[in-house]
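These notes are about the structure you will find just below.
The values are calculated or read from the model by the stated rules, or taken from the named source; none is laboratory data. Quantities reported herein were computed from a predicted structural model and do not represent experimental measurements. Methodologically, a virtual Cβ is constructed for each residue, glycine included, from the backbone with ideal geometry; neighbour enumeration extends over all protein chains shown.
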Amino acid sequence: MSRSPDFDELVGPEVGGEARERLRRTHELLVAAGPPPELSPELAAGPTLAMTLGRRPGRARRRLYLLAAAAIAVAAVFLGGYVAGNRGGSGVAAVRTLELRGTAAAPGALASLRILPGSGGNWPMRLTVTGLPKLPRRAYYEVFLVRGGKEWAPCGTFLAPGGDRAVTVTLNAPYRLRPGDRWLVTRRGPGATAPGVPVLEPAA
Amino acid sequence: MRRDRKDMELALATPRLRPSPADETAPEPDPSDGELLARVAERDRAAFEVLYRRYVRSVFGLALRRLRDRSRAEDAVQDAFAAIWRSAGSYRPERGAAGAWLYAVARNAIVDRFRSAGGEAAGEMPELVSGEPGPAERAEAAYAAWRVHRALEELPPREREVVELAYWSGMSQSEIASYLGIPLGTVKTRTRSALGRLSDLLEGELR
């Protein structure tokens, strides 16, 4: 813990009167406020796509997708390098955010999947999605872990409000994750038993 | 500033709206917070990024004060900026300063996060004991810290550097001069200039 600096040493004798008192009050505010927090690399890197997946005007939609696609392309380059650099390691990083984009079955959809640190073999995940249509009764969306190019294991189900409205759900992947694991979202109809049609797939 | 290799890798693995600027010395953007909010209301992502960089430390500091847990505070920052993005259109300049509006939106998002995590046990001060600040005083202190941290972002980098070294690294003015390799007189001039600039920025807090 560092000591508070001495005001007289900081300002010196040159400043006096009202101006000195004004500086002293600022000094006291600085001492009371304490240091600004150190940002994690994740926060310092800038706003995430997930922050802006809320409702927005329709005319901005196309522009958003172009921007998002550009961001996804940049991220994919980094992510590819990261995954490649970690092949043979112990698994995925503690916190990762992946972008998913709509397939031909849901071309306007976008999603951000954040994998959080878990315990006891669990990997909680926060999925924020927008642009998925509202489904008929008893139909739902399902998130799958994809391994070896196949839908390997389910990670949870959710419903979408439809339109541009975003929804955020917390899911879980209670599996031993490996580098190269991916996720996709399928649409499962009422009463269907097989995995449904993919509606969101990894951006890269 | 210590970052380990893993942290850097994690940062690279997180998709962003656009690549973050590598040049920290780029000049401060000119638009006011209110102008940026108006642009964010029109879904201008560049404006949102400028606003984010101006306020992320203040929001994170506020979240840490309330939640007392870095991981949950980081989640609260996500919530807060998502709320700012969603609600920017509701900001009315005639009703008050943009900074105060941003504070209110961020605080509400942080409180929601706090409540969703179990409320009292998660970080709220348990019982008030004699001599400890009450809710109103804590709220006032939180807002003052918010404004101070925001004002620090406005300082030129060279002035901010000497303030941070003087206040939070425990260095004397002579030690700062030696550390930075500049004359002692320059350190004193920059410090006085920074305090004067902060006084202007924090005018409302000084009354």
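Residue count for the stretch A:151-177, restricted to those that are part of a loop (DSSP other than H, G, I, E, B) and surrounded by fewer than 18 Cβ atoms within 10 Å (Cβ to Cβ): 9. Residues that are at the interface with another protein chain (Cβ under 9 Å from one of its Cβ atoms) and out of contact with any helix residue (DSSP H, G or I) (no Cβ under 7 Å at 6 or more places or on another chain) within the stretch B:71-104 comprise B:71, B:86, listed in sequence order. Scanning the stretch A:146-167 for residues that are under 19 Å from residue B:83 (Cα atoms) and touching a Ser or Thr at 6+ places or on another chain (Cβ under 8 Å) yields A:164, A:165, A:166, A:167.
In this structure, is residue B:41 touching a residue at least 40 places away in the same chain (Cβ under 8 Å), more than 17 Å from residue B:146 (Cβ to Cβ) and among the aliphatic types (A, V, I, L, M)? Taking the combined requirement at face value, the residue satisfies it.
Restricted to the stretch A:114-150, and to residues there that are farther than 18 Å from residue A:197 by Cα and in contact with a helix residue (DSSP H, G or I) (Cβ under 9 Å, 6 or more places away or on another chain), the residue that is surrounded by the most Cβ atoms within 10 Å (Cβ to Cβ) is A:128. If you go through the stretch A:13-41, how many residues are more than 30 Å from residue B:67 (Cα to Cα) and facing chain B (nearest Cβ under 7 Å)? Summing the residues that are more than 30 Å from residue B:67 (Cα to Cα) and facing chain B (nearest Cβ under 7 Å) in the stretch A:13-41 gives 3.
Okay, residues lined up against (1) surrounded by fewer than 14 Cβ atoms within 10 Å (Cβ to Cβ); (2) facing another protein chain (nearest Cβ under 10 Å); (3) aliphatic (A, V, I, L, M):
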residue: B:157; (1), (2), (3): yes, no, no
residue: B:165; (1), (2), (3): no, yes, yes
residue: B:168; (1), (2), (3): no, yes, no
residue: B:174; (1), (2), (3): yes, yes, no
residue: B:182; (1), (2), (3): no, no, yes
residue: B:186; (1), (2), (3): no, no, no
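When the residues of the stretch B:197-207 are filtered to those that are at the interface with chain A (Cβ under 7 Å from one of its Cβ atoms) and either free of Cβ contacts under 8 Å to residues at least 40 places away in the same chain or more than 22 Å from residue B:151 (Cα to Cα) (or both), the one that is surrounded by the fewest Cβ atoms within 10 Å (Cβ to Cβ) is B:206. Restricting attention to the stretch A:94-145, the residues that are away from chain B (no Cβ under 14 Å) and basic (Lys, Arg) total 3.
In the stretch B:126-145 there is at least one residue matching the filter, namely being of a type in the set (D, E, K, R) and modelled with pLDDT under 75.
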